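K.L.:
My questions will all concern the structure given below.
Read-outs: derived from the displayed coordinates by stated rules, not from any lab. Quick caveat, the model's predicted, so the values are computed rather than measured. Every residue, glycine among them, receives a Cβ derived from its backbone with ideal geometry; neighbour counts consider all protein chains shown.
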Amino acid sequence: MPRETNNLITLPTYQKFWIHTRHYGHDIVIWSETGKMTIQCIWPDKRRDEGGRVEKKQSSSKKSK
C-alpha cells in the first residue's frame, strides 16, 4: 500500500477548471496562463459501463461475453 501524503499545488495564474467524466474515474483539467494541467483520478476497483453508470470491476476470469 502506498504511503499517504498531502500535496499542495499553487497556481498563481489560475484561470478556469473543468471536470470530465471518464471510464476510469475523472479528469480534472486546470487552465492557467502557463498552460493546462490534467489530474487523472483513477478508481482502483470501479469503472463506468457503456451507459455511464459506475460499477465494480470484475476480474478477467469472471467476465462473460
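K.L.:
Between Glu4 and Lys36, what is 0.36 nm times their sequence separation minus the Cα-Cα distance? Round to one decimal in nm.
P.N.:
Taking Glu4 through Lys36 to full extension adds about 8.9 nm, to one decimal.
K.L.:
I would also like to ask the following. Grab the beta carbon distance between Lys56 and His23, set R0 = 22 Å, and tell me the FRET efficiency rounded to 0.05.
P.N.:
Step by step, r from the Cβ atoms, then E = 0.95.
K.L.:
Separate question: Please give the peptides 31-39, 6-14 ranked by average Cβ packing (other Cβ atoms within 10 Å per residue), highest first, as a rough proxy for protection. Mind showing how you got there, number by number?
P.N.:
On the way: 31-39: 11.6, 6-14: 7.3.
So the order, starting with the most tightly packed, is 31-39, 6-14.
K.L.:
For the residues Arg47, Arg3, Arg22, Arg53, what sequence is obtained by ranking on other C-beta atoms within 10 Å, fewest first?
P.N.:
In increasing order of surrounding Cβ atoms, one gets Arg3, Arg53, Arg22, Arg47.
K.L.:
For Asp49 and Lys16 in the same chain, what is the full-extension length gain: residue separation times 0.36 nm, less their Cα-Cα distance, in nm?
P.N.:
Stretched fully, the Asp49-Lys16 segment lengthens by 9.0 nm.
K.L.:
Whole-Hz Karplus ³J(HN,Hα) for the stretch 10-21, in order, using 6.51 cos²θ - 1.76 cosθ + 1.60 and θ = phi - 60°, x for Gly and Pro?
P.N.:
9, 10, x, 10, 4, 10, 7, 9, 9, 10, 10, 7
K.L.:
Take the alpha carbon gyration tensor of the chain, find the square roots of its eigenvalues, order them as a ≥ b ≥ c, and report rounded if a/c is under 1.5; if not, report prolate when a/b exceeds b/c, else oblate. Spell out each step's value before the answer.
P.N.:
Values: a/c = 4.32, a/b = 1.90, b/c = 2.28.
It is oblate, given that a/c is not under 1.5 and a/b is not larger than b/c.
K.L.:
How many lysine pairs in the chain, separated by 8 or more positions in sequence or lying on different chains, have Cα atoms less than 30 Å apart?
P.N.:
10
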